[in-house]
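The values are calculated or read from the model by the stated rules, or taken from the named source; none is laboratory data. All figures in this text were calculated on a predicted structure; none of them were measured in a lab. Neighbour counts run over all protein chains shown; Cβ positions are idealised from the backbone, glycine included.
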Amino acid sequence: MSTLLLRNVEVAGRPGTDVLVRSGTIVAVGSGLAVPAAADVLDGHGGALVPGLHDHHLHLHAVAAQRMSVQCGPPHVHSRADLADALATAPGDDWIRGVGYIESVAGLLDSDSLDRIHATRPIRIQHRSGAMWVLNTAGAALVGLDGAAHPGVERDDQGRPTGRVWRADEWLRDRLPPNAPPPLDAVGRDLTRLGITGVTDATPDLSASSLDALTDAHLSGSVPQRILLLGVPVGHEFPSSTDTLSSGPYKIVLADSGLPDLDDLVATIRRAHTSGRAIAAHCVSREALLILLVALEEAGTVPGDRIEHGALIPAESITQLRRRGLTVVTQPGFLAHRGDDYLRDIDSRDLPDLYRCRSLLDGHVPVALSSDAPYGPLDPWTVIGAASTRRCPTGEIVGPAERLGPSEALDRYLAPLDDPGGPARTVRVGADADLVLLDRPLAEVLEAPHADRVRATVIRGEVR
């Protein structure tokens, strides 16, 4: 039975508080608590103690894979010449895996244009959105792109593959040299360093090997955070040995590269609901959101149904979201990451609808914040700052009316994993001891949110 006493911390604005943890649960909160025998004592020096943060939408294996990939977009690569240098100096002599590409670097890539940049080795480059891969001719030949029947393989007017492959990660993975899912040790350490004690992996259609790897990483302690998985096949059961790894709502992708048939979407929603699971619907455009709302009108909703991203939500849709009891899990961190791209590429009339936060809360639509890492910044303090300033890299403000107060933004990271958008968890007796100790009072931290303010992270009562 492990015992931890956090001494002299600020809790809910009260300085000089002590918090006693035993066996992963908070058992006492007060001033001048006695030190139990054999207890570990951590002096907070007046820093705030808050519940551990929950990232409600990320992709664990993609975060790990990004570390082993060639960076092909800003801030590392800005031009065609930069991209050519990055590919030419990639280690190894086989496949090159690139990530983070955006058209501002060298335009809309296809096999021919990628060949002109680098043709020596097979290449696959992922678009920054995560929705598309581009293969050069050597790569396309190795995966048999010409004879592929997958609907995500884009073809020109003559029926020839362009080299662009949409929403076909599993299909592509099956045709690449066999590789085990990347190790997650470094990802687990980064999450802990940032004060994150729980994550929702939003990767759709998780394979058996990915599920096994995620389970092993959690049980071994490589990823000690609580994990909720959206891409678990309907009916899959997890090992009974842990209550910290579970399936969540069933992930459904409404891809703009190929929006689903309405009847098929209704059937999928009904199948998930019948199995006892809510749905988590990927929607990044007005069209996708409209189709989803029409489908839900026919299929019905259940508690826990949620919208992932909600990148563009028309004001007139907010009432419908509230009426159907939907939660929006969104990522204003993209504004800090690529807001200048939005200002350049999105019609100015659409900017008020971009990554809404304030208007959703004011419209009584539950909102959770998240990173969508590796496609957005993993750092929750960056996201909290972006939600409160709406400032893009150029310094311009995108959607000032959608700002949240910093404490409101933090609360959107403190909701339970299984209730994103719900009430923020608090440091109280009986609560799980998933905690973050900051190096100063909370009000000072929120004046300029930064990961450096995290002094220690406690997961299930253990200081990490």
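Within the range 351-363, is even one residue under 19 Å from the mean Cα position of the chain (by Cα), of a type in the set (Gly, Ala, Ser) and at pLDDT 95 or above?
The first filter runs over the range 351-363 and keeps only residues under 19 Å from the mean Cα position of the chain (by Cα), leaving 354-357.
Retained after the next criterion (residues that are of a type in the set (Gly, Ala, Ser)): none.
No, the conditions are met nowhere in the range 351-363.
So, in the range 290-323, how many residues would count as being under 24 Å from the mean Cα position of the chain (by Cα) and polar (S, T, N, Q)?
Final tally of qualifying residues: 2.
Before we move on, is residue 255 touching a residue at least 24 places away in the same chain (Cβ under 8 Å), in contact with a Cys (Cβ under 9 Å, 6 or more places away or on another chain) and of a type in the set (Gly, Ala, Ser)?
Working: touching a residue at least 24 places away in the same chain (Cβ under 8 Å): yes; in contact with a Cys (Cβ under 9 Å, 6 or more places away or on another chain): no; of a type in the set (Gly, Ala, Ser): yes.
So residue 255 does not fit the description; no.
May I ask you to say which residue of 240, 222, 210 is at pLDDT below 95, surrounded by fewer than 18 Cβ atoms within 10 Å (Cβ to Cβ) and not aromatic (Phe, Trp, Tyr)? Show your work before the answer.
Working: 222 fails: at pLDDT below 95; 210 fails: surrounded by fewer than 18 Cβ atoms within 10 Å (Cβ to Cβ).
On inspection, the qualifying residue turns out to be 240.
May I ask you to list the residues in the range 132-173 that are in contact (Cβ under 8 Å) with a residue 60 or more places away in the chain and at positive phi?
167
Select from the range 338-360 the residues that are in a helix (DSSP H, G or I) and over 13 Å from residue 392 (Cα atoms) and list them in ascending order. So that I can check it myself, show each step before the final result.
Taking the range 338-360 first, the residues in a helix (DSSP H, G or I) are 338-345, 348-353, 358-360.
Listed by number, the residues that qualify are 345, 348, 349, 350, 352, 353, 358, 359, 360.
Could you say which residue among 310, 300 is surrounded by fewer than 15 Cβ atoms within 10 Å (Cβ to Cβ) and either more than 26 Å from residue 350 (Cβ to Cβ) or not acidic (Asp, Glu) (or both)? Before you say what the answer is, go through the steps one by one.
Working: 310 fails: surrounded by fewer than 15 Cβ atoms within 10 Å (Cβ to Cβ).
It is 300.
Among the candidates 439, 432, which residue alone is in contact with a Gly (Cβ under 6 Å, 6 or more places away or on another chain), acidic (Asp, Glu), on the phi < 0 side of the Ramachandran plot and not assigned by TED's automatic domain parsing to the domain that holds residue 223? Break it down stepwise before answering.
Values: 432 fails: in contact with a Gly (Cβ under 6 Å, 6 or more places away or on another chain).
Answer to the check: 439.
From the list 449, 420, which residue is crowded, with 21+ Cβ neighbours inside 10 Å, under 20 Å from residue 388 (Cα atoms) and assigned by TED's automatic domain parsing to the domain that holds residue 391?
Details: 449 fails: assigned by TED's automatic domain parsing to the domain that holds residue 391.
Being crowded, with 21+ Cβ neighbours inside 10 Å, under 20 Å from residue 388 (Cα atoms) and assigned by TED's automatic domain parsing to the domain that holds residue 391 holds for just one of 449, 420, which is 420.
Taking the conditions exactly as written (of a type in the set (S, T, N, Q), surrounded by 15 or more Cβ atoms within 10 Å (Cβ to Cβ) and either at pLDDT 95 or above or outside the structural domain of residue 279 (by TED's automatic domain parsing) (or both)), does residue 120 satisfy them or not?
Working: of a type in the set (S, T, N, Q): yes; surrounded by 15 or more Cβ atoms within 10 Å (Cβ to Cβ): no; either at pLDDT 95 or above or outside the structural domain of residue 279 (by TED's automatic domain parsing) (or both): yes.
Here the answer is no, as residue 120 does not meet what is asked.
Using the structure shown, decide if residue 335 is assigned by TED's automatic domain parsing to the domain that holds residue 230, of a type outside the set (Gly, Ala, Ser), in a helix (DSSP H, G or I) and farther than 22 Å from residue 71 by Cβ. Reasoning before the result, please.
On the way: assigned by TED's automatic domain parsing to the domain that holds residue 230: yes; of a type outside the set (Gly, Ala, Ser): yes; in a helix (DSSP H, G or I): yes; farther than 22 Å from residue 71 by Cβ: no.
No, not satisfied.
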